[in-house]
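Down below is the structure, laid out as structure tokens.
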Amino acid sequence: MMKQTLASHNIRMLFWISFFGTISFLQPVLTLFYFERGLTSSEILIVLMFWSGAVLLGEVPTGIFADRFGAKYSFLLGSLLKFISIVLLLFAYEPWMFFLYSFINGFSVTFFSGADEALIYDSLKESNE
């Protein structure tokens, strides 16, 4: 791979975004946060089920979105939804707000699923590599 191509730039950026994006400083204390905000153990389980359900429901539509509009727009929309879900979490006190946060957060993850490989493939194709 040549040094200063679009592909090498995108691969390098994707590596660092993936590296720092997988570090979640919120995860270790999230359950304590849920308990402090008044959720029961069963409601926390439902929160996790909403996340899983959103991932299940969002895979195909967000894949279509990424194919139609490109990986970069998919990343941007996924990041925006992730940000919105975190802001919602800050103001959540009722169980339904936690469920909505979890659904939006899970749905945001699906915008990244597969789009990273598509971005690398498209970048390599543009760079003739």
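Each value in this text was obtained by applying a stated rule to the coordinates, not by laboratory testing. All values derive from a computational prediction rather than experimental measurement. Don't worry about glycine lacking a Cβ; one is built from the backbone with ideal geometry, like all the others, and counts go over all protein chains shown.
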Which one, Phe83, Met49, Tyr93, projects farthest toward the positive side of the charge dipole computed for segment 48-129 from Cβ point charges (K/R +1, D/E -1)? Tyr93
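What net charge is computed for the residues neighbouring Asp122, neighbours being all others with C-beta under 12 Å from the C-beta of Asp122, Lys and Arg scored +1, Asp and Glu -1? Spell out each step's value before the answer.
Values: positive: Lys72, Lys125; negative: Asp67, Asp116, Glu117, Glu126, Glu129.
Every neighbour counted, the sum reads -3.
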Over the Cα atoms of segment 48-129 the radius of gyration and the largest Cα-Cα distance (Dmax), both in Å, equal 14.6, 53
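Take the Cβ-Cβ distance between Ser127 and Val87 as r, set R0 to 30 Å, and report the resulting FRET efficiency rounded to the nearest 0.05.
Details: r = 37 Å, r/R0 = 1.24.
Calculated transfer efficiency: 0.20.
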Which one, Pro28, Ala66, Ser127, is farthest towards the positive end of the dipole of the chain when Lys and Arg carry +1 and Asp and Glu -1 on their Cβ? Ser127
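Which of the DSSP-defined H helices in the chain satisfy a minimum axial length of 30 Å, computed from C-alpha atoms, and a minimum mean Kyte-Doolittle hydropathy of 0.0?
What comes out of the filter, once short or polar helices are dropped, is 41-69.
What does the C-alpha gyration tensor say about the overall shape of segment 1-83? Classify as rounded when a/c is under 1.5, otherwise prolate if a/b is larger than b/c, or oblate.
Working: a/c = 3.73, a/b = 1.79, b/c = 2.08.
The shape class here is oblate.
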